[in-house]
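K.L.:
Here's a structure for you.
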2 protein chains.
Amino acid sequence: MKEKCTIDDIARLAGVSKTTVSRVLNHKPDVGSATRKRILRIVEEQGFVPNITAAGLAGGRSHLIGVLLPSFTSLYVLDIMRGMAEAVDDTLYELVLYSINDRASTKDKGDVIERILTSKLTAGLLAIMPGQLSSYVTRLHKPGFPVMTIDDQEAIPSVPRISADNRGGAYIAVRHLLSLGHSRIAHIKGPAHYLCARERYQGYCQALEEAGLAVEPGLVLEGDFQENSGFQAARRLFSLPSEQQPTAIFAGNDLMAYGVLSAAAEQGIAIPSELAVVGFDDLSSSALVRPALTTVRQPFHEMGRLGVKRLLTQLSTQLYIETSHNGMHGRKFYEREAPAATEHIQLATSLVVRASCGASHQQVNPT
Amino acid sequence: MKEKCTIDDIARLAGVSKTTVSRVLNHKPDVGSATRKRILRIVEEQGFVPNITAAGLAGGRSHLIGVLLPSFTSLYVLDIMRGMAEAVDDTLYELVLYSINDRASTKDKGDVIERILTSKLTAGLLAIMPGQLSSYVTRLHKPGFPVMTIDDQEAIPSVPRISADNRGGAYIAVRHLLSLGHSRIAHIKGPAHYLCARERYQGYCQALEEAGLAVEPGLVLEGDFQENSGFQAARRLFSLPSEQQPTAIFAGNDLMAYGVLSAAAEQGIAIPSELAVVGFDDLSSSALVRPALTTVRQPFHEMGRLGVKRLLTQLSTQLYIETSHNGMHGRKFYEREAPAATEHIQLATSLVVRASCGASHQQVNPT
DNA sequence: CTGTTAGCGCATTCAC
DNA sequence: GTGAATGCGCTAACAG
């Protein structure tokens, strides 16, 4: 583990040219296995770590992946980031954090995003819940600069995205309540401009309809995904004539479910005996609130991990295309038509059963 | 905002050499103000963003700051990171994320850290709660590579660190309970090998002693900072003969306070009327648990922000030293004695009063 | 299979 | 004040 050590150093030690060393380091096929072995040994001995800055500059291709996160950020972005870090762990890539200042105007935020591209620091971008920033993010996604959104509020047709199965999660949540004998199940929706809010509502409707129950407009309210809106919505539900009151509430997310819990406590409504409550997200605090919240778990960790994996795949695909076409200009992916997979990956959610719905503790998976 | 734009491009447009452009970009004094103005205008027009990768390579000095975060990571690291992102926002620096895989052995983790240095990607490192990794982090901290720990479990003499005023926070928390009339105040300590746990205990003792009360060994238990240990500790306190039972519990952190809340609920002990509870940290969930938790708020955001600021200061100091000594080798800070400020910055904490202690809602600041 | 030759985009000596 | 030359550490074209 010498102070510093360049490719030239180990080339000298191995008695070969640095080109050859570079080749084995980059897993090129065309190197004699004897030489390769010797080089690898010396690399090991010296504890040589290539300078990815230089590699990026020379190769015209950075080894950094940008992570964009808006700062109105929720607890679970940590899980997402942990997943991303894990995926990047045994690669040559590293993660660069781009946090957007809340107080800035949307236009300023757009500027920040523009710079991400123009600075050419990163090879691609993972946007965690870009929300209002989506339009800017879209602009970045060109051939040569892959972008992927994670859990976006809106589906951008041209950009690949990863999300949880919101509809399916809502479906199993409501199914669970139905199996517990509830027939008057209310729902507090998230804002209509959130895709996930609409999907969850669809799952709710589907489960009811399959059970032969009508969706009662009076039992469906809309919140803003914040705790207080859940609180307010619950109050309105509690003020309904007693024969119209729900026996269960499926909240669009955990935060609003917390609001329901508070409202119930205020009104002296016992949970789960008088009212069952189910949320969506499984924030880490949902195991801590009292009563502990039954909720739909989103696979945040996996979403982050997969996001990186797919991005890396796209990056290496680009490389392949570039190489196979060579004969034209070296580094111009820009002029070729996009091979970009604009796919949508949807990950399964699962129901985490805790005290707030009155069932025994267990985990229910979708079938 | 052209597709790409290098320093040469704008040099051409301005009719000067790229050297001159480079000079104004780096705020060198020796450039004619007319030329400088013209260059700046063109830079603006073209939306030119320098390639920090190349700048790093050429200058021998990276513009990236590493952020090391262990993955047993708590909710509040988000706040810390947000603070760091904010501080970096209007500088040329960016943040690179290094997350350590939990499942790896301590030695493997050490290897990861070694690579952080040898890869020379970053100019310095901010270690968030390194804990067991501290020894490795220490090794990184040489002149030329500033390291700063944030909220470390242990004080490493040679490394500058930022932490909250744990002793002071505990002190005001207990003072608050005393002012509410409590005289039998229990404390659930964190693990003794955590510096912050010991400091909080000291604050507890100091407040009691100043009030003329003895620290009763029977009222001081030790947990592990996890919820369940708080639960167990509370149970033991509740099983004391009634005349020995505490009327208030100061938990070493919020998680353990949650455990106390659960244990109280289990035993039918009303909070705050029969028992006051105070935590430490102010996790975002502490406003959500029922009853809402009175707790000591740590300035996580500020800790992150300041961490970056100080690191940047150190970086620019190095630069100055390097420049002023030039005449010797250009980039060898290594052989010079360390100017490294090994200071310790301690930030004030504040008490957030909520329902669990029985006082009216307010915020108490240390005097 | 391997070595040689050129840069990547910029900062930093030196000259003028 | 300004420009020309050199190189950071590495990859990628080109020849053998």
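The values are calculated or read from the model by the stated rules, or taken from the named source; none is laboratory data. What you are looking at is a predicted structure, and each value in this text was computed from that prediction instead of being measured. Because the Cβ atoms are built from the backbone with ideal geometry, glycine has one as well, and the counts that use them run over all protein chains shown. In case anyone asks, the SASA skips ligands and DNA or RNA and just uses the protein heavy atoms, side chains included. Shrake-Rupley method; radii C 1.70, N 1.55, O 1.52, S 1.80 Å.
K.L.:
Does the protein assembly as shown come out rounded, prolate or oblate, given a ≥ b ≥ c as the square roots of the eigenvalues of its C-alpha gyration tensor, rounded meaning a/c under 1.5 and, failing that, prolate meaning a/b above b/c?
P.N.:
Numbers: a/c = 2.06, a/b = 1.39, b/c = 1.48.
Because a/c hits 1.5 or more and a/b fails to exceed b/c, the protein assembly as shown counts as oblate.
K.L.:
Here's another thing I want to ask about it. Give the average, rounded to an integer, of partner chain Cβ atoms located within 10 angstrom of each Cβ in B:27-40.
P.N.:
Mean shielding by partner chains, rounded to a whole number: 0.
K.L.:
Let me spell out the model: positive unit charges on the Cβ of Lys and Arg, negative unit charges on the Cβ of Asp and Glu, origin at the Cα centre of the protein assembly as shown. What dipole size does that give, in debye rounded to 20?
P.N.:
2540 debye
K.L.:
If you don't mind, another one. With θ set to phi - 60°, apply the Karplus curve 6.51 cos²θ - 1.76 cosθ + 1.60 along region B:26-38 and write out the HN-Hα couplings as whole Hz, x wherever there is a Gly or Pro.
P.N.:
Once θ is set to phi - 60°, the couplings for region B:26-38 become 9, 6, 6, x, 7, 9, x, 5, 5, 4, 3, 4, 4 Hz.
K.L.:
Moving on. Can you give the average number of partner chain beta-carbon atoms within 10 Å of each beta-carbon in peptide A:285-294, as a whole number?
P.N.:
Shielding by partners across A:285-294 averages 4.
K.L.:
Does chain B come out rounded, prolate or oblate by the C-alpha gyration tensor, with a ≥ b ≥ c the root eigenvalues, rounded set by a/c under 1.5 and, if not, prolate when a/b is larger than b/c and oblate if not?
P.N.:
prolate
K.L.:
Pairs B:Lys28/B:Lys142; B:Lys107/B:Lys309; B:Lys28/B:Lys309: which exceed 25 Å Cα-Cα?
P.N.:
Too far apart for the 25 Å limit: B:Lys28/B:Lys142; B:Lys107/B:Lys309.
K.L.:
Oh, and also: From the residues A:Leu275, A:Ile7, A:Ala123, which one has its Cα farthest along the dipole of chain A in the positive direction, the dipole being from +1 and -1 charges on Cβ of Lys/Arg and Asp/Glu about the Cα centre?
P.N.:
Looking along the dipole axis, the top candidate is A:Ile7.
K.L.:
Amide H of A:Phe145 versus every other amide H placed in the peptide plane: which residues, excluding those fewer than 5 positions away on the same chain, fall under 5 Å?
P.N.:
So A:Phe145 has HN proximity to no qualifying residue.
K.L.:
At what distance in nm do the modelled label points of B:Thr317 and B:Ser179 sit from each other, each positioned 7 Å from its Cα along Cα→Cβ?
P.N.:
A separation of 3.8 nm, rounded to one decimal place.
K.L.:
Something else now. For the rotation taking B to A, I'd like to know which residue in chain B has the C-beta closest to the axis, plus that distance in Å.
P.N.:
With distances in whole Å, chain B gives B:Ser285, 2.
K.L.:
Can you sort A:Asp30, A:Asp254, A:Asp102 by solvent-accessible area, 1.4 Å probe, largest first?
P.N.:
Values: A:Asp30 105, A:Asp254 0, A:Asp102 80 Å².
Correct descending sequence by accessible area is A:Asp30, A:Asp102, A:Asp254.
K.L.:
Further question: How far, in degrees from 0 to 90, does helix B:254-267 lean away from the longest principal axis of the Cα atoms of chain B, to the nearest 10?
P.N.:
30 degrees
K.L.:
Another question, then. Largest first, how would A:Arg139, A:Arg167, A:Arg36, A:Arg12 line up by accessible area (1.4 Å probe)? Write out the running numbers ahead of the final one.
P.N.:
Details: A:Arg139 130, A:Arg167 85, A:Arg36 60, A:Arg12 165 Å².
Most to least solvent-accessible, the answer reads A:Arg12, A:Arg139, A:Arg167, A:Arg36.
K.L.:
Note the distances from B:Leu180 to each other copy's matching label point, with points 7 Å along the Cα-to-beta-carbon direction, in nm, sorted shortest first.
P.N.:
Copy-to-copy label distances for B:Leu180: 3.2 nm.
K.L.:
Moving on. Considering every residue in B:96-105, what mean count of other chain Cβ atoms within 10 Å of its Cβ is obtained?
P.N.:
Partner Cβ neighbours, averaged per residue: 4.
K.L.:
Something else: Which value, in Å² rounded to 10, gives the accessible area of B:Lys309 with a 1.4 Å probe and all protein chains present?
P.N.:
80 Å²
K.L.:
If you count the DSSP beta bridges with both ends in the protein assembly as shown, what percent of them are antiparallel, to the nearest 5?
P.N.:
Antiparallel: roughly 20 percent of the beta bridges in the protein assembly as shown.
K.L.:
List every residue whose amide H lies under 5 Å from the amide H of B:Lys189, counting only residues 5 or more places away in sequence or on a different chain, with H placed 1.01 Å from N in the peptide plane.
P.N.:
Residues meeting the amide H criterion: B:Leu221, B:Glu222, B:Gly223.
K.L.:
Contact order normalised by length for chain B, with contacts defined as Cα pairs under 8 Å and 6 or more residues apart; what percent is it?
P.N.:
Worked out over chain B, it gives 17 percent.
K.L.:
Across region B:175-183, in residue order, what do the Karplus-derived ³J(HN,Hα) couplings come to in whole Hz, using 6.51 cos²θ - 1.76 cosθ + 1.60 with θ = phi - 60° and x for Gly and Pro?
P.N.:
Computed from phi, the couplings for region B:175-183 are 4, 4, 4, 4, 5, 7, x, 6, 10 Hz.
K.L.:
Still on this structure: Under a crude label model (7 Å from the Cα following the beta-carbon direction), how far is B:Asp89 from A:Lys142 in nanometres?
P.N.:
2.8 nm
K.L.:
Which of the aspartates and glutamates could a cross-linker span from A:Lys189 if the Cα-Cα distance has to be under 15 Å and same-chain partners fewer than 8 positions apart are dropped?
P.N.:
Within reach: A:Glu199, A:Glu216, A:Glu222, A:Asp224, A:Glu227, A:Asp254, A:Asp281.
K.L.:
Same structure, new question: Given R₀ = 30 Å, what would the calculated FRET efficiency be for B:Glu266 paired with A:Gln245, taking r from the Cβ atoms and rounding to 0.05?
P.N.:
E(calc), rounded to 0.05, equals 0.55.
K.L.:
Sort A:Asp90, A:Asp224, B:Asp151 from largest to smallest accessible area, using a 1.4 Å probe on the heavy atoms of the protein chains.
P.N.:
A:Asp90, A:Asp224, B:Asp151
K.L.:
Sum -39500 (n - 2.57) across every DSSP H segment of at least 4 residues in the protein assembly as shown, then divide by the residue count to get the 222 nm mean residue ellipticity, nearest 500.
P.N.:
It comes out at -13000 deg cm²/dmol, rounded to the nearest 500.
K.L.:
If we hang a label 7 Å off Cα along the beta carbon direction at A:Thr317, how far is it from the matching labels on the other copies, in nm, shortest first?
P.N.:
5.0
K.L.:
From the square roots a ≥ b ≥ c of the eigenvalues of the alpha-carbon gyration tensor of region B:7-50, which class results: rounded (a/c under 1.5), prolate (a/b over b/c), or oblate? Display every interim value, and only then the final one.
P.N.:
Details: a/c = 1.41, a/b = 1.40, b/c = 1.01.
In terms of gyration-tensor shape, rounded.
K.L.:
Short version: what are the Cα gyration tensor semi-axes of region A:109-219, square root of 5 times each eigenvalue, largest first, in whole Å?
P.N.:
39, 12, 9
K.L.:
Simple spin-label model, 7 Å along Cα-to-Cβ: B:Gln132 to A:Ser284 in nm?
P.N.:
It is 1.8 nm.
K.L.:
Relative contact order (percent) for region A:114-230, with alpha-carbon contacts under 8 angstrom and 6 or more residues of separation?
P.N.:
Answer for region A:114-230 is 20 percent.
K.L.:
May I pose another question? When all protein chains stay in place, what accessible area (Å², nearest 10, 1.4 Å probe) is found for B:Tyr136?
P.N.:
It works out to around 40 Å².
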